[in-house]
Structures are given as structure tokens and as C-alpha cells.
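Structure incoming, see below.
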Amino acid sequence: VRLTGMPTSYVRDLNSYLAFAAGKITADALKQRLTNSGVVADSAQQMAARHLLVSQRLLEKGLVEQAWKEIGEAMKLEPKDPRLGQAMARVLLMMDKPVEALAVLDKLELATPANGETKTLRGRAMVALKQWADAKAALDAAIRLNPNPAEAYYFLGQVYQQQKQPDKAAEAFRMAFEATEAGRRVMAPTASSATQPMPDSSQPAGKPVQ
């Protein structure tokens, strides 16, 4: 099956984009690699999505400046895409620019319905600005809206720490861990064992139940 707008060797092409974004290959080398792999013509939306994906991979590698450039290229193509607005705010936060991130989030929330990701980023920005009450309000909303609230719980734990509520902070950090993939793996055996039927204590020990 060949998807329109997708390269025939997607992983290889993504690695080429990453290498270019990291400055390891030139623009000419990138063009040659993509030509060799046979990329189908992309729409502006598809190209923006690819820039977004590259930026996310760069962030995972700690390459924040390069990720910022990729988001900038994506925004030129699809400036109204809310996913790009969220990604821009996240990169700004990682660049220690919470005021600029809030400006992006303000515009985003005027244009689109509230969602967990946007509220999480707002809460994170408020934490960076030490505006604890506003941070808690945003993060509480994020947890209600977000099906994957690990990040929101983590920053809520930081808020509780600053508010001198260690018990609530510990609970928030625990919830953050349990909402991660690693946490779910740890909790799965506990959850399954809790559903196992209890042995019939009315039977003598060692005697099988009839």
C-alpha cells in the first residue's frame, strides 16, 4: 500500500531530514537523498506535518534550536494549524521563554476550543513564571481534558511543592508516573492480581473444592 504524499521509504527520508536539521548534510545532499528515495509530491499540509515530526524528533535529541527552525518552516506553510501552535509554545518553553509561549497560547485558545495539551503548556508556562495559582488552575483543567495527563500531573506536583503541600505533591508525582508508559507497565501486574478471586476459606486447607 502506498499512501499519497508519503515517501516510499519513510524512515530513511525522516533520517535525512533529521541529518539536514542537525547540520550534518547540506541542502543539496538532502535533495539528492529524497530524489533517490522517490518522494511523492506533498501538499503544504503534508510538508508542514513532516516539519512538525522532524521538530519533535529533534526535541527528543535535545536539539532545541534546530527544532525551532523546523517549526518556523512548518508555520510558514500552515500558520493556523493548532498542532503547530502547541509545538511552537513547547519549544519556546524549552528555550526558557515562557512569556513568548503564553502569547502563542493566548492566540491559540482564542481560535480553538480548550484542550489538555494547550492547558498543560499554559500551566507549565505559569510554573516558569512562578504564578502558582494560575498554574494550578490551568493544570487542573489539563488533567480533566487530557487522556494522557502525565506532564500535567508532574508540573502540578511542582506547584504543590511551592505551596508547601508535600502530601499533595507526592500524590501528583505518583499520578504522573502512573500515567506514563513505564508506570502503566509497573501497575498492570498489581491491577490484574487485584481482580483474582479469593480462595474459599470455608474449605479445609489442602482439600480440593468439590
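Would you rank Trp68, Trp132 by solvent-accessible area, highest first, keeping every protein chain in place and using a 1.4 Å probe?
Trp68, Trp132
Under a Cβ-Cβ cut-off of 12 Å, what is the net charge of the residues other than Gln56 that fall near it, where Lys and Arg count +1 and Asp and Glu count -1?
Charge balance near Gln56 sits at +3.
Additional query: Excluding Glu117 itself, calculate the net charge of residues whose Cβ lies under 12 Å from the Cβ of Glu117, where each Lys or Arg counts +1 and each Asp or Glu counts -1.
Computed value for this residue: +3.
What is the extension gain from Lys61 to Ala137, computed as 0.36 nm multiplied by their sequence separation minus the C-alpha to C-alpha distance, in nm to one decimal?
The Lys61-Ala137 span can extend by a further 24.3 nm.
Using 0.36 nm times the number of residues separating Lys164 and Lys97, minus their current alpha carbon distance, what extension gain do you get?
Extending this stretch completely gives an extra 21.5 nm.
The values are calculated or read from the model by the stated rules, or taken from the named source; none is laboratory data. Keep in mind it's a predicted model, so treat the numbers as computed, not measured. Glycine gets a Cβ as well: all are built from the backbone with ideal geometry, and neighbour counts include every protein chain shown. For the accessible areas, the whole protein counts, side chains as well, though only heavy atoms, and no ligand, DNA or RNA atoms are used. Shrake-Rupley method; radii C 1.70, N 1.55, O 1.52, S 1.80 Å.
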